[in-house]
Amino acid sequence: MAAVAIRNLSEEAHRALKVRAAQHNRSTEAEMRAILEAAVRPEGRLRLGTALSDLSRKIGLTNADVEALEHGRDARPAKPVRFE
């Protein structure tokens, strides 16, 4: 895990950070990690797996449909078909 040092932070900001950490029952360091995580990984980001799951539910895809697709994939011809 990477380590980051923050220099030249004002005393006022440091005090506010300590208060905020205490309000969340965290250490100051844990509070800084939470703030940075929230800033760079917003909750509104698109999660591909969730989007695909939502889409499959919306169109009514069932487990039987997925199994049929997987079965069809396994039923490939053993030799390539040549057209001459």
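Numerical summary
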{"read-out": "Residue match in the stretch 59-68 (condition: at positive phi and modelled with pLDDT under 95)", "value": "yes"}
{"read-out": "Flag for A22 being on the phi < 0 side of the Ramachandran plot, surrounded by 10 or more Cβ atoms within 10 Å (Cβ to Cβ) and either at pLDDT 90 or above or in contact with a helix residue (DSSP H, G or I) (Cβ under 8 Å, 6 or more places away or on another chain) (or both)", "value": "yes"}
{"read-out": "Check on R7, among the basic types (K, R), in a loop (DSSP other than H, G, I, E, B), open to solvent by 90 Å² or more (accessible area, probe 1.4 Å) and at pLDDT below 90", "value": "no"}
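The values are calculated or read from the model by the stated rules, or taken from the named source; none is laboratory data. Values in this document were obtained by computation on a predicted structure and should not be read as measured data. With ideal geometry, Cβ positions are generated from the backbone for all residues, glycine too; neighbour counts draw on all protein chains shown. Only protein heavy atoms, including side chains, enter the accessible area calculation; ligands, DNA and RNA are left aside. Shrake-Rupley method; radii C 1.70, N 1.55, O 1.52, S 1.80 Å.
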